[in-house]
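First up is the structure itself, then whatever we jot down about it.
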Amino acid sequence: MTIVLGLQWGDEGKGKILDVMAAEADWVLRAQGGNNAGHTVEIGTEKYVLHLVPSGILRSKVSCLIAGGAVVDPAGLVKEIEGLTLRKIRTRGRLHLAAQAHLVLPHHRAVDQGSEKKRGHGKIGTTGRGIGPAYSDKATRVGLRAGELALPSAELAKRLRERVGAHNRVAKSQGWEKISATQTVREMEKAARFLRPYLADGVTLAHRAVAAGKRILIEGAQGTFLDVDHGTYPFVTSSHCTAGGACTGTGVPPTAIQRVVGVLKAYTTRVGGGPFVTEDGSLGHLLHGMGREFGSTTGRARRCGWFDAVLVRRAVQLNGVTEMAITNLDGLDGLEKIPVCVGYRLKGKILHEPPVDASDWARCRPVYRVFEGWCEPTTEARHWKDLPRKARIYLSAISELVGAPLGIISVGAGREQTFRHG
Ligand code: GDP
Ligand code: IMO
Ligand code: MG
């Protein structure tokens with residue numbers, strides 16, 4: 001079994017790599033997160049952006065599970081499934097929704113958006129999808145789970161009214177928008193009718209696939225430094241995006257994992273607030289000018305910076321990465337010089353590990369080692385040996401600096417622009 005997850009701040013190209021790897025898989029299980037994620041897959045001239053549905057759905061023989069560690073906005077999922085159906089992608093019988101997954105309800109979105117407004121300049125820059133409040137309700141044991149969509153409608157309505165009522169009682173004092181209970185019930189009943197055939201016991205399904213010797217990929221969402229424990233707290237999401245979260249999210253034990261593929265960009269991006277030591281406006285300007293690095297979920301321009309080896313080395317440790325999939329190498333094609341951060345300077349000291357505190361992290365200055373650029377297109381490369389020598393030197397140096405082997409290299413969004421190292 002293989003975990004595929006992000007080693008930076010999300011948007012590393014997980015969707016693309018998963019889609020390529022799913023050619024040799026039977027199941028793809030989405031472990032955590034919600035529709036804050038946006039996983040892009042380009043097939044020929046067709047472009048798909050998946051939010052909750054695992055990227056394996058675009059391979060007709062692959063079965064998919066949204067596992068119990070995920071949080072599901074029912075109306076959002078219905079819309080996503082309908083969008084796939086319109087594009088002739090079959091989901092019935094192939095896509096399963098774990099009854100264990102928690103629901104994201106309209107009042108969670110109101111809390112997310114209201115809280116961000118209140119934070120003002122210190123805002124996290126969330127996607128506004130209600131993810132944090134839904135995980136918060138899960139942790140405080142008042143959440144509703146997907147399985148409850150199968151309850152008799154009077155009982156489901158009662159539970160929804162209870163939650164919305166509790167929200168509305170404090171909404172004004174908290175600066176949150178009030179939510180109509182009647183409208184919530186109506187919306188959820190409609191979604192429940194649609195989603196019931198997809199419901200399953202996620203853990204039993206996953207273990208049946210394991211017992212049958214199926215080839216299974218676990219799809220991570222977000223990235224290591226958005227992990228609520230290991231990220232740049234509080235500028236993080238509210239789930240566990242690291243390898244441990246892939247196991248708790250799916251109910252598959254760590255002993256069943258043979259391979260951990262860490263997906264990362266050949267440079268660094270992040271959306272939203274928080275420390276970013278190697279951020280560089282000129283690189284952002286260049287990449288945005290090429291029409292790239294705009295968020296797939298919110299359309300926001302992503303912040304861009306140089307490759308940060310301090311960050312990725314920690315991600316390799318945290319996840320037990322057995323191989324890396326490096327994407328967007330082609331983004332660096334035009335550059336004469338390419339800096340790579342090999343240490344942080346903080347209060348006169350050089351650090352080789354990121355600091356614990358986000359404000360210390362924000363004060364760190366990068367120590368760069370500068371590589372020579374290759375100044376030629378890599379997008380036509382189909383084998384390692386097709387890459388310019390300087391690009392091979394750059395990638396090999398990254399691998400050495402972070403302590404993980406190169407596995408897959410990606411030089412474009414297309415399936416065919418992908419090859420193995422060596
Ligand atoms: P994810 O959230 O990790 O799945 O990543 P996103 O889909 O949000 O963002 C990655 C973006 O990079 C998408 O637009 C992909 O189509 C694109 N992409 C992935 N790999 C490559 C690559 O090697 N080169 C180029 N040019 N684009 C890529
Ligand atoms: P994928 O799976 C990049 C970021 C948000 C914000 C922080 C918290 O496509 O890589 P949230 O809405 O989760 O409470 O926002 O996390 N964020 C992502 N950034 N890619 C993602 O997903 C993200 N999901 C959340 O921008 O900074
Ligand atoms: Mg994304």
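The values are calculated or read from the model by the stated rules, or taken from the named source; none is laboratory data. Keep in mind that this is a model prediction, so the values were computed, not measured. In this analysis, Cβ positions are derived from the backbone assuming ideal geometry, glycine residues included, and neighbour counts consider all displayed protein chains. All accessible areas refer to the heavy atoms of the entire protein, side chains included, with ligands and DNA or RNA removed. Shrake-Rupley method; radii C 1.70, N 1.55, O 1.52, S 1.80 Å.
Values computed for the structure shown
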quantity: Residues of the stretch 228-281 satisfying the condition of being farther than 19 Å from CYS341 by Cα, within 16 Å of ligand 3 (Cβ to nearest atom) and of a type in the set (A, V, I, L, M, F, W, C); calculated: VAL236, CYS241, VAL271
quantity: Flag if GLY331 is at positive phi and surrounded by 16 or more Cβ atoms within 10 Å (Cβ to Cβ); calculated: no
quantity: Every residue from the stretch 110-134 that is of a type outside the set (A, V, I, L, M) and under 19 Å from the mean Cα position of the chain (by Cα); calculated: ASP112, GLY125, THR126, THR127, GLY128, ARG129, GLY130, GLY132, PRO133
quantity: Qualifying residue in the stretch 361-377 (condition: at positive phi and modelled with pLDDT of 95 or more); calculated: yes
quantity: Selection from the stretch 122-153 of residues that are open to solvent by less than 20 Å² (accessible area, probe 1.4 Å), within 16 Å of ligand 3 (Cβ to nearest atom) and assigned to a loop (DSSP other than H, G, I, E, B); calculated: GLY125, GLY128
quantity: Every residue from the stretch 402-420 that is surrounded by 19 or more Cβ atoms within 10 Å (Cβ to Cβ) and either in a loop (DSSP other than H, G, I, E, B) or out of contact with any His (no Cβ under 7 Å at 6 or more places or on another chain) (or both); calculated: VAL402, ALA404, ILE408, SER410, VAL411, GLY412, ALA413, GLN417, THR418
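Okay, residues lined up against (1) in contact with a His (Cβ under 8 Å, 6 or more places away or on another chain); (2) more than 17 Å from ALA246 (Cβ to Cβ):
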site: LEU29; (1), (2): no, no
site: VAL41; (1), (2): no, yes
site: TYR48; (1), (2): no, yes
site: GLY56; (1), (2): no, no
site: SER63; (1), (2): yes, yes
site: ILE89; (1), (2): no, yes
site: LEU95; (1), (2): no, yes
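The rows are residues; the columns are (1) of a type outside the set (Val, Ile, Thr); (2) more than 26 Å from GLY281 (Cα to Cα); (3) in the same structural domain as GLY274 (by TED's automatic domain parsing); (4) touching a strand residue (DSSP E or B) at 6+ places or on another chain (Cβ under 7 Å).
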site	(1), (2), (3), (4)
LEU346	yes, no, yes, no
TRP374	yes, no, yes, no
ALA391	yes, no, yes, no
GLY403	yes, yes, yes, no
ILE408	no, yes, yes, yes
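To keep it simple, each residue is scored yes or no on (1) more than 15 Å from ligand 2 (Cβ to nearest atom); (2) basic (Lys, Arg); (3) touching a residue at least 24 places away in the same chain (Cβ under 8 Å).
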| position | (1), (2), (3) |
| --- | --- |
| ARG259 | yes, yes, yes |
| GLY262 | no, no, yes |
| ALA266 | yes, no, yes |
| VAL271 | no, no, yes |
| ASP280 | yes, no, yes |
| ARG300 | no, yes, yes |
| ARG303 | no, yes, yes |
| TRP306 | yes, no, yes |
| ALA309 | yes, no, yes |
